[in-house]
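*Asks:* Sharing a structure here in structure tokens format.
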Amino acid sequence: MTAQSPKRVLVVEDEMVISMLIEAMLAELGHTVVGAAPTLAAALNLARSKAGEFDVAILDINLGGERSFPVAHLLSDQGAPFIFATGYGSRGLDEPFRDAITLNKPFQLQDLAAALERATAA
């Protein structure tokens, strides 16, 4: 499976094995990871420093006990699309993000591809 148009992706995930899996899936789809962050502070820093250098971000909601919603707010302010990847489903989302694109963990390659397509279609 290959991507129709390669995307530059920011990955925010605190579990190293899951982050590596997401990165491998993105590579299989033909996308490039421009940065990966395991903590809220690192994610905020990357979202600011790499603004304009990525097409979409994938955000785990729970980052070592902290929630990634400040990153989602920052990305929204920047006009950058993002996808939540979570085991909590949409019920784990704060109210402003109830309609955000969400990948339910564990997800398959085709689920990731579809979410990326939806997030970057606008």
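*Asks:* Within the stretch 103-113, does at least one residue satisfy the condition of being of a type in the set (D, E, K, R) and not in a helix (DSSP H, G or I)? Steps first, please.
*Replies:* Quick first cut of the stretch 103-113, residues of a type in the set (D, E, K, R) only: 105, 111.
This time we only want the ones that are not in a helix (DSSP H, G or I), so: 105.
Taking every residue of the stretch 103-113 in turn, at least one turns out to be of a type in the set (D, E, K, R) and not in a helix (DSSP H, G or I).
*Asks:* Let me ask another. Mind checking which residues of the stretch 49-79 are in a loop (DSSP other than H, G, I, E, B) and surrounded by fewer than 20 Cβ atoms within 10 Å (Cβ to Cβ)?
*Replies:* Lys50, Ala51, Gly52, Glu53, Asp55, Gly64, Gly65, Gly79, listed by residue number.
*Asks:* Return yes when Thr102 is in contact with a strand residue (DSSP E or B) (Cβ under 6 Å, 6 or more places away or on another chain), of a type in the set (Val, Ile, Thr) and surrounded by fewer than 18 Cβ atoms within 10 Å (Cβ to Cβ) and no when it is not.
*Replies:* Values: in contact with a strand residue (DSSP E or B) (Cβ under 6 Å, 6 or more places away or on another chain): yes; of a type in the set (Val, Ile, Thr): yes; surrounded by fewer than 18 Cβ atoms within 10 Å (Cβ to Cβ): no.
No: the conditions fail for Thr102.
*Asks:* Scan the stretch 26-53 and report the pairs whose first residue is touching a residue at least 24 places away in the same chain (Cβ under 8 Å) and among the β-branched types (Val, Ile, Thr) and whose second residue is surrounded by fewer than 17 Cβ atoms within 10 Å (Cβ to Cβ) and part of a helix (DSSP H, G or I), with Cβ atoms within less than 8 Å and a gap of 6+ or a chain change.
*Replies:* If the second residue must be surrounded by fewer than 17 Cβ atoms within 10 Å (Cβ to Cβ) and part of a helix (DSSP H, G or I), the pairs left are Val33/Ala27.
*Asks:* Considering only the stretch 80-92, how many residues are of a type outside the set (Ser, Thr, Tyr) and either farther than 15 Å from Ala119 by Cβ or surrounded by fewer than 17 Cβ atoms within 10 Å (Cβ to Cβ) (or both)?
*Replies:* Of all residues in the stretch 80-92, those of a type outside the set (Ser, Thr, Tyr) come to 80-85, 87, 89, 91-92.
Checking which are either farther than 15 Å from Ala119 by Cβ or surrounded by fewer than 17 Cβ atoms within 10 Å (Cβ to Cβ) (or both) leaves us with 87, 89, 91-92.
Count: 4.
*Asks:* State whether one or more residues within the stretch 39-54 are closer than 16 Å to Pro6 by Cβ, of a type in the set (S, T, N, Q), at pLDDT 95 or above and touching a strand residue (DSSP E or B) at 6+ places or on another chain (Cβ under 7 Å). Before the answer, list the steps.
*Replies:* In the first step, residues of the stretch 39-54 are kept if they are closer than 16 Å to Pro6 by Cβ; the result is 53-54.
Adding the requirement that they be of a type in the set (S, T, N, Q) leaves none.
Checked the stretch 39-54: no residue is closer than 16 Å to Pro6 by Cβ, of a type in the set (S, T, N, Q), at pLDDT 95 or above and touching a strand residue (DSSP E or B) at 6+ places or on another chain (Cβ under 7 Å).
The values are calculated or read from the model by the stated rules, or taken from the named source; none is laboratory data. Given the structure is predicted, the values throughout are model-derived calculations rather than measurements. So basically every Cβ, Gly included, is an ideal-geometry build from the backbone, and we count neighbours across all protein chains shown.
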